[in-house]
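For reference, the structure discussed in these notes is given below.
Quick note: the coordinates plus some simple rules give every number you see, no bench work behind them. Predicted, not measured: the structure shown is a model, and the values here were computed from it. Cβ placement follows ideal geometry from the backbone for every residue including glycine, while neighbour counts extend to all protein chains displayed.
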Amino acid sequence: MLLNAGTLVTMNDEQDVLEEVHVVVENGEIVAIEDGYASDAIDARSEVVVPGLVNCHTHMYALPIRGAPLSVSPQSFYEALTDIWWEVDEAFTHEDARLSALGSSAEMLAGGVTAFCDNYSGPNTLPGALDSVAAGVGATPIRGMITFETTARNSESQAMAGIEENERFIREGEDEHDRVSGHHCLHTLFTNTSDVVTACTERALADDRPIQIHLEEGLVDVHRSIEEYGMRPVPALESMGFLDADVIAAHCVHSTESELATLAEHDVRVAHNPYSNTNNAVGIADVETMEEKGLTIGIGDDGWDPDMFETMRTAAGIHQLKDNDPSGFDSAKALEWATIGSAAVMGMDDEIGSIEPGKRGDFVTLDLGPNPVLPESAPYYVVSAASRGDITRTIVNGDVAYTRDAGVAGVSDADMTAVGNASRELWDRL
């Protein structure tokens, strides 16, 4: 595949922005970036080309709840969990798991996301839950890391069944899919026991896979840890050996400076979810201290908003607002988080996240309108003004996965109608 790019935002180590070049992709891998335009190439000469966006923390099973006529009005993050999300995931079926994954994967591709890391929660779909999720993802060209959220909120035995589901999929299920892999996950510390934490850690280490955890998203996590263990969540998890694993920590909104230092010592990577944090009113993560400590940061939508450009803008906005300084946050950082940063959080930065030889051929082409796009301001322009509506095509592995005219490869109108019908049926059950 050849791709002509008027402006190429590489997101490589030097953050190079190149003009009037073409990218050469062979067998899905970028082999060269050369000056000038090539013949018989995909034509993005009047467009901005960025790496495929990477959503390092999402919940595809949240799609069906969008627009649902819910009668509850949670007054806290914990009430949102108990009154909405735990009711939703208890009602999920295998078909809901498949269709929500299919619909979300299609939405992400249409929004320029070429890789994601998901957490699925549906205790009544065990065992086999991840086979259903993988079937939905695998119907599209997207790359995905999937996992079942281990939780002992109902019982410790149910948590152990979640661990078994992840291990089963890693060892047996993922071989059926080219671009879907499994990993481990603890929902939170406060919804699990020390025995579950230990068991999940041991399995993740044995399988050589990451563990995701929602860490200090809300204050309930902090308060319950102090009540149960006499210390905050990070030192509690460290004492259990959890941080010896390959950990992806989502949120970290209420983590203290000393806790962030501990996470850095253990090479924990952070999935920042700014839109979700504002929507749940839990607070603003201290990304400035995270960067000072050397933590790797990526960005996710937490299942809330399929437009990653809005998530990037939310990040820029809240960190400027926090300091009451319109120049207090380098907004181009949000694009870094949404590309190479998120790829690093997922442990895939040697494959994706930037446009350079040796990486996979994942691209998004953007028509940003009539204004000139200058190399020195291109990343800022993307963060401040781009939206999913500006995407002309999404390319995965050198193959066109989405265009405005044709939609998402492999996904029909009938598929999306089935997604919507399943959502309505779920609403009726709720």
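Each of Thr256, Thr365, Thr147, Thr201 was scored by other Cβ atoms within 10 Å of its Cβ. Listed from fewest to most, they are Thr256, Thr201, Thr365, Thr147.
Can you check what the net charge comes to around Asp267, using other residues whose Cβ is under 14 Å from the Cβ of Asp267 (Lys, Arg +1; Asp, Glu -1)? Net charge in that neighbourhood comes out at -3.
On the beta carbon distance between Lys293 and Asp40, with R0 = 56 Å, the FRET formula returns roughly 0.70.
Between the DSSP loop rule and a limit of at most 13 other Cβ atoms within 10 Å, which GluC sites (Glu not before Pro) in region 6-63 are left? Present the calculation step by step, with values, prior to reporting the outcome.
Working: sites: Glu14, Glu19, Glu20, Glu26, Glu29, Glu34, Glu47; in loops: Glu14.
Listed in order of number, the matching sites are Glu14.
Note on the chain: semi-axes of the ellipsoid equivalent to its C-alpha gyration tensor, largest first and rounded to whole Å, are 34, 25, 20.
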